[in-house]
Structures are given as C-alpha cells and as structure tokens.
Amino acid sequence: DQQVKQNSPSLSVQEGRISILNCDYTNSMFDYFLWYKKYPAEGPTFLISISSIKDKNEDGRFTVFLNKSAKHLSLHIVPSQPGDSAVYFCAANDNAGNMLTFGGGTRLMVKT
Amino acid sequence: DAGITQSPRHKVTETGTPVTLRCHQTENHRYMYWYRQDPGHGLRLIHYSYGVKDTDKGEVSDGYSVSRSKTEDFLLTLESATSSQTSVYFCAIRGRIVDGYTFGSGTRLTVV
C-alpha cells in the first residue's frame, strides 16, 4: 500500500507558464517532505524540502506547499523552463528520520 | 554524484547467478541506502545501513542481502538473480536530513 502517491504520471506545460506537481500521503507520522528531480541515466537530485511545521518553502522558481490536514503537498515551478523537463519524485520522512518513502514520480515536459 | 559512486554502471547477468553491486562514498556519512527504481513504483527501499555492520530491511528486501564492513562501502548482493530483479539500482547517502539524500548515478541490471 503506497504511503506516498503522485497520481499524475505525466504533465505537459508550456514554457513560461506555471507547473504544479501534486503529492498525497497517508502516514501521519511523516514530518519532513522533499522533492527530487531526475534526468534520464542520472540519479535523483535534491530540489527542495519542507518541514511539517511550515506550510510553504520557497527557493527561487520553486515553491513547495504543504497542507497537513489534507495530507497533500505540491511543487510549483514558475516560470517553467525547458530544462525543467524531468521526472519529479515526492518523498517523505518520518520523525525517526531513518528512511525516505518515495512516490511513483511525475514526468514533466516543458514545451517551447 | 560528488562523493558517491556506484559500480558497475551496467550489468547483464543470467538467471540464478549471484550478483554484487557496490556503493562507495567519500563523505563519511553514517547512513547509506539501496533503492530500486521501476516504472510506476518510483523508488523503493531495499535495505539501508546506519553504521558499520548495522543494517536493516526496507520495503522490498526479499532476494537481497547487504553488507557494510567499512563506513565507505555498502554492498548489495542478489544471491540468485531472477528476472523480476531487472531494474535500476540507486545507492544514496545521508548527512543532515535537511540536506536530503545524495544519490549515485545508478546501476542498470538486466537479468536474462
């Protein structure tokens, strides 16, 4: 039973527009959330994170929003660029901090 | 990625043969992880280590064993490879949780 779900396997966005990637989780013990970006033939790279004590974290073009009551988080990319085309994974850590649980990933395609 | 290397990068092996994948880090991190990536499943944890000779199972540990005799090396062994173990395997290391995990470039394993 997947504890972290990304229900959209793919997303296509026009260059310059906003990309919104969504993630839902079921385990209320998760208290730290991360987004990773993955290009083909490379390992995932850390993008941005958020603690459960916050509802928003921003880093340049990337913003992560956390809605704890809905057990939902989202990654906003504004403006989207062709180099953002990749697979994005949502991940969650419980308060023991020993392991990350990943979602299935969303493939983002930014069109020129 | 800087500080973490995986070997080999690619391997083709026959069903029933043993296979060992190696992960080497130069960051002196305590935590090391083995994940596998499969379409639709994202990244799933196989085993992890929280110190020399200290390991624990992850979500999909059946058919895999690990060893960590030195801080810098974490080995993943498939005792008798099966076709269901065809996958891309990623090693990761973790320092501070706020910095996320750092992943290696992956090993593409094909079992024929």
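The values are calculated or read from the model by the stated rules, or taken from the named source; none is laboratory data. Every value quoted in this text rests on a predicted model; they were computed, and no experiment measured them. FYI the Cβ positions are ideal-geometry reconstructions off the backbone, even for glycines, and counts take in every protein chain you see. Accessible surface areas use protein heavy atoms only, side chains included; no ligands, DNA or RNA. Shrake-Rupley method; radii C 1.70, N 1.55, O 1.52, S 1.80 Å.
Some points to look at:
- Ranking by accessible area, most exposed first, for A:Ser74, A:Ser69 with a 1.4 Å probe: A:Ser69, A:Ser74
- Relative contact order of chain B, defined on C-alpha pairs under 8 angstrom at six or more residues apart (%): 36 percent
- If the convex hull is drawn through the Cα atoms of chain B, its volume per residue in Å³: 92 Å³
- Qualifying GluC sites (Glu not before Pro) in the stretch B:1-93, where qualification requires a DSSP coil assignment and no more than 10 other C-beta atoms within 10 Å, comprise B:Glu14.
- Of the trypsin sites (Lys or Arg not before Pro) found in the stretch A:12-110, none is in coil by DSSP with at most 10 other Cβ atoms within 10 Å of its Cβ.
- Simple point charges give the picture: +1 on the Cβ of Lys and Arg, -1 on the Cβ of Asp and Glu, and for the stretch B:4-111 a dipole about the Cα centre of about 200 debye.
- GluC sites (Glu not before Pro) lying in DSSP loop within the stretch A:1-79, provided at most 16 other Cβ fall within 10 Å: A:Glu15, A:Glu42
- Whole-angstrom gap from the stretch A:1-46 to the stretch B:20-79, using each part's C-alpha centre: 23 Å
- For the stretch B:24-78, the alpha-carbon radius of gyration amounts to 1.12 times the rule-of-thumb value 2.2 N^0.38 Å expected for a compact globular protein.
- Karplus 3J(HN,Hα) series, Hz, for the stretch B:56-61 with 6.51 cos²θ - 1.76 cosθ + 1.60 (x for Gly, Pro): 8, 7, x, 5, 10, 8
- Chains A and B together, accessible area buried on both sides, 1.4 angstrom probe, square angstrom: 1600 Å²
- Per-residue ³J(HN,Hα) for the stretch B:97-109, Karplus 6.51 cos²θ - 1.76 cosθ + 1.60, θ = phi - 60°, Hz, x for Gly and Pro: 4, 5, 8, x, 8, 10, 9, x, 7, x, 10, 8, 10
- Legend: calculated FRET efficiency, A:Leu11 to A:Ala96, from the Cβ-Cβ distance at R0 = 35 Å, rounded to 0.05, equals 0.60.
- For the stretch A:4-111, radius of gyration divided by Kirkwood radius, i.e. Rg to Rh on alpha-carbons: 0.95
- Derived scalar couplings between HN and Hα for the stretch A:87-92 equal 9, 10, 10, 8, 9, 9 Hz in order, rounded to whole Hz, by the Karplus curve 6.51 cos²θ - 1.76 cosθ + 1.60 (θ = phi - 60°), x for Gly and Pro.
- Longest site-free stretch - chain B; sites: trypsin sites (Lys or Arg not before Pro), DSSP loop, at most 15 other Cβ within 10 Å: B:54-95
- Within the protein assembly as shown, the ratio Rg/Rh, alpha carbon atoms throughout and Rh by Kirkwood, equals 0.97.
- Counting only protein heavy atoms and a 1.4 Å probe, chain B has 47 square angstrom of accessible area per residue.
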